[in-house]
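Below you'll find the structure, written out as structure tokens, and then a few comments.
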Amino acid sequence: MHTAANLTYRYDGTFAGLLCCVFESYAAHEMPEAIWGPDMPEQSLFEEKEILTDNRHAERVERSIPAKIGNEAEELVRLAFFTTLPDKELTVLRFLRQGYHYGASVLDFAGEDSVHRLREAVKHLLSEAHLLKGFIRFSVQHNVLVTTIGPKNYVLPFLARHFSERYPEEHILIYDETHRMALIYRPYEYGIIPMDAFRAAPPDDEERKFRSLWQTFYDAIEIKPRHNEKCRRNFMPKRYWSYMTEFSRACSKNSVMHV
Amino acid sequence: MDVFEKLRILSDAAKYDAACTSSGVDKKASRGGMGSAAACGICHSFAGDGRCISLLKVLMTNVCVYDCAYCVNRVSHDTLRTAFTPRELADLTMQFYRRNYIEGLFLSSGVMGSADATCERMIETLRILREEYRFAGYIHAKAIPGANQALVARLGLLADRLSVNIEMPSGASLAKLAPDKTKKAILAPMGYMQQRIAESSHDLVRYRHAPRFAPAGQSTQMIIGASPETDYHILKLTAGLYARYDLKRVFFSAYVPVTESPLLPSLETPPPLWREHRLYQADWLLRFYGFTVDEILDEQHPGFHPYMDPKCHWALQHKDFFPLEVNRASFEELLRVPGIGVKSAWRIIKARRACALTWDSLGKIGVVVKRAQYFLLCRGRQRSGIVWERSAVLAALMSARERALYEAQEGEVRQMSLFAGATVPLLTSKERRELQCIQLPI
């Protein structure tokens, strides 16, 4: 295999595009030093290769993963694509190269760096999604449940099923301001669409009443002699607080409050 | 009284109950309903004391005919009394649930009038939720000791989890501190619920739509530190409860002094949080790590080592058991190693099938190498650079806080030899030599 110094791939940022990078790496017998999405600014120092997405190539790679490395590997790669791992594309390529060589047992190579990194990143993704299932606070606005979140990972696909099973008869909007995407649900169907901005309307009287009731409960339930700030922050990192009703009190009367 | 004031009073009165889990059952709303439950449980917030808030934890009422010395709601306590109406509480639950504040309801109650009347009021709340609002979220209800069995049966068909608190770790303490309650009255509903839960899971195998009785099982809780029982006694009782009543969980609640009484610790006594913590650690060892009570504590050593967790403590007392070769030890053996948990033990078993493990890979698997290094060999070798200095070993096996407490105490010991009767001093120079003796030479 030829490892060209400073060879980089540029792809369109889609999962199919990433699979085409894998295809190209094998077809050209080469291993790039980096794989960049469309947002990365051009670096003239590096020899750059534009990888065009070809669905036939993507499908071939897609079929080969479960066949040669197993379903668990396929799931790992799919999930890794949603994570914040900075060089996830290259790590996926390294992992798949190892996988094609060793088969399913690559997942048990405890010392293999790419497996470890992908697993850690996926763990971070899934645990953030799990936390948000609890930490999301809806406001009822014209009988629609609306909320804004600011997750590090792209978690919306992992929240869709949970909330549609929880509120089958409701209309729901979850706006992810980090990725500028929104999860929209109406009885018995959902979709995830790009959305540039979303701001909830000011709360009406009923909404204010229940927010305030929740704050009353939150304060009353603490056992004061057991106060433990570190423990609370450990389980519920501060970056979630600004989106949560129990911590947004001062501005509860005007519209700037997060919902 | 408005609903704000009621909520404040009735959640304030309910907060000393430790259990707030929403785990153990998987379900989703049917069309037209609302609510789901996840077997892993979901925490919606964490209170200032670091405890998970998963359920709307409230009392139906804080009116109570009983006079239990340790309880804020006892009849002789001068406090504001109130009660939710079933409709009020059901509406509040639905509104909180809809906004994703909570995973469900945790309903307990003081005894207003009679046990039966109280139980009926709780049942009515749950009936409104389940039947009128078609609420499929999690409900944990307290069975009221002394209530009619038919009412407990009804409660069990509406709730996901039932519990009845055994309150005190012994019948004697119960008689002293809760003169109106008897051990028998508490254990009777526990036995009945166990039988119904077993029947229900049996029926479900035969009939898919058989009604489910408390599908998330039953739990209980006891107060720690209000009465003189030893850790050994409490742990024995816990193991007995798991075995006899198939409990899902036994919760421990460090006693927070809420009242001045000659029978109880004084108001200035801080809640025994360390003790509660050690009990939970031991509880985990019993349920997931294959330990028995007598391995953790015994008649001669009835209390936990104050500065070291029970698993580490066991390991230091059983040096002949170590070191284990990580590539050959069985799952059960691995579970005994400090720094290896259930998950990492499974991962070791799986990973070593692919290739022999190295010290480097152990860390990636999730083993706390800092702790485990003193008890393991990798491919027959000790970890290189391992330091056997007393202070280094202590730093590795204790948390920073435990160590600070231990060293402060140890300073006193040297002067006053207070430690004469204590369980085990940590790694004396002799023990260190012993530990080193059984290591293979590098």
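Here, each number is a calculation from the coordinates, and none is a lab measurement. In this text, all values refer to a predicted model and were calculated from it rather than measured experimentally. As a convention, Cβ positions derive from the backbone with ideal geometry for all residues, glycine included, and neighbour counts pool all protein chains shown.
For chain A, take the alpha-carbon Rg, divide it by the Kirkwood Rh, and send me Rg/Rh.
On the way: Rg = 22.3 Å, Rh = 21.1 Å.
Checking Rg against Rh, the ratio lands at 1.06.
Cα convex hull of the range A:22-88: mean projected area in nm², to one decimal?
Quarter of the Cα hull surface area: 5.4 nm².
Stick to the Cα atoms of the protein assembly as shown, pair each with every other, and give me the Kirkwood hydrodynamic radius in Å at one decimal. Could you put the intermediate results ahead of the total?
Numbers: mean 1/r = 0.0348 Å⁻¹.
By the Kirkwood definition, the hydrodynamic radius is 28.7 Å.
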Rounded to the nearest 0.05, what FRET efficiency do B:E299 and B:T182 give with R0 = 25 Å and r taken as the Cβ-Cβ distance? Could you check? 0.35
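As a test, work out the antiparallel percent of DSSP beta bridges whose residues both lie in chain A, rounded to the nearest 5. Please report the intermediate quantities before stating the final value.
Details: 14 of 28 bridges.
The antiparallel fraction comes to roughly 50 percent.
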Based on alpha-carbon centroids, what's the gap between the range B:290-310 and the range B:115-181 in Å, whole number please? 33 Å
Report for the range B:1-130 the percent antiparallel among DSSP-assigned beta bridges with both residues inside it, nearest 5. 45 percent
P(r) weight above 44 Å for chain B, C-alpha pairs, percent: 22 percent
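Kindly state, to the nearest 0.05, the FRET efficiency for B:E132 paired with B:M1, given R0 = 22 Å and r defined as their beta-carbon distance. Before the final figure, lay out each step's value.
Details: r = 24 Å, r/R0 = 1.11.
Efficiency, from the Cβ-Cβ distance: 0.35.
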What net charge is computed for the residues neighbouring B:Y232, neighbours being all others with C-beta under 14 Å from the C-beta of B:Y232, Lys and Arg scored +1, Asp and Glu -1? -4
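Quick one: net charge of B:F375's neighbours, Cβ under 13 Å, K/R +1, D/E -1? Please list the in-between numbers first.
Values: positive: B:K311, B:K319, B:R336, B:K370, B:R371, B:R383; negative: B:D320, B:E325, B:E333.
Local net charge: +3.
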For the range B:311-382 and the range B:7-84, write down the distance between their C-alpha centroids in whole Å. 40 Å
Give a residue-ordered list of calculated ³J(HN,Hα) values for the range B:92-107 (Karplus: 6.51 cos²θ - 1.76 cosθ + 1.60, θ = phi - 60°; whole Hz; x for Gly, Pro). 4, 4, 5, 5, 5, 5, 4, 8, 6, 6, 9, 9, x, 10, 10, 10
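Over all distinct Cα pairs, what is the inverse of the mean 1/r for the range A:55-153, reported as the Kirkwood hydrodynamic radius in Å? All intermediate terms of the calculation are to be shown ahead of the outcome.
On the way: mean 1/r = 0.0657 Å⁻¹.
Over the range A:55-153, the inverse of the mean reciprocal pair distance is 15.2 Å.
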One finds the C-alpha centres of the range A:64-97 and the range A:137-193 to be spaced, in Å, by 27 Å
Expected sort for A:W214, B:W346 with the fewest Cβ neighbours (10 Å cutoff) up front is B:W346, A:W214
Would you calculate the separation in nanometres between label points at B:T259 and A:E48, each defined as 7 Å from the Cα along the Cα-to-beta-carbon direction? 7.5 nm
Which whole-Hz couplings ³J(HN,Hα) result when phi for each residue of the range B:212-226 is put into the Karplus expression 6.51 cos²θ - 1.76 cosθ + 1.60, θ = phi - 60°, listed in order with x for Gly and Pro? 9, 9, 6, x, 8, x, 10, 9, 8, 9, 9, 8, 9, x, 8
Can you tell me the alpha carbon radius of gyration of the range B:156-235 divided by the globular rule-of-thumb value 2.2 N^0.38 Å? 1.35
For chain B: relative contact order, % (alpha-carbon pairs under 8 angstrom, 6 or more apart): 10 percent
Projected-area average for the range A:7-126 over all orientations - Cα convex hull basis, square nanometres: 7.1 nm²
For A:K224, list the lysines whose Cα falls under 26 Å from its own Cα; do not include residues on the same chain fewer than 8 positions away. A:K209, A:K238, B:K6, B:K15, B:K57, B:K142
Ratio of the Cα radius of gyration of the range A:136-247 to 2.2 N^0.38 Å, where N counts its residues: 1.18
Mean projection area, nm², convex hull over Cα of the range B:75-214: 9.9 nm²
